Amino acid sequence: MTEGYQVTQVGGLEDWRGHYGGFDENRSRDGRRVVDHELTMQYIGMTANALVPGEQAGYWHSHASVEELYVFLEGRGQMGLDDDVVDVGPGTVVRVGQNVWRTWRALPDSPGELRWLCIRAGGTELPHMPNDGTRAPERPMPW
């Protein structure tokens, strides 16, 4: 590892249920891995999650300044978003803004575990097109 980047392995999707974690011991559970507790993250956070069919979060929550992006990879489930219920499954991406109440569950008849990434960010608004990048087309490829 260098100071500029880090690498970790969260394992294959089939391994995610074996993780036990949370933001603190009182909120830890099977099927959650808080990746930003393992890497030095400055502006974003990410969890890898897995619920067995019929399992649910068991709580609602909202954030005053954090925005979340849920990227569903496997299984079938639902998200409660304020007064709405949205069906989720492979390929569903749900952006949840500040002060929106949210919860989720794996459907009892899901063909397998509901697996998703939750990416969290806060701070300043991102530009439509990243304006802080530098290209180096003359730099040779490393492979």
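If only residues of region 71-90 that are under 13 Å from residue 53 (Cα atoms) and outside any strand (DSSP E or B) are counted, the one that is most open to solvent (accessible area, probe 1.4 Å) is 76. Cβ-Cβ contacts under 7 Å between residues 6 or more apart (or on different chains), taken from a first residue in region 42-54 that is under 23 Å from residue 5 (Cα atoms) to a second residue that is of a type in the set (Phe, Trp, Tyr), are listed as 48/16.
Taken together, the residues in region 99-143 that are more than 16 Å from the chain's Cα centre (by Cα) and not aromatic (Phe, Trp, Tyr) amount to 28.
The values are calculated or read from the model by the stated rules, or taken from the named source; none is laboratory data. On a predicted model such as this, the values are computed, not experimentally measured, just so you know. As a convention, Cβ positions derive from the backbone with ideal geometry for all residues, glycine included, and neighbour counts pool all protein chains shown. Accessible surface is based on the protein model in full, side chains and every heavy atom, while ligands, DNA and RNA are left aside. Shrake-Rupley method; radii C 1.70, N 1.55, O 1.52, S 1.80 Å.
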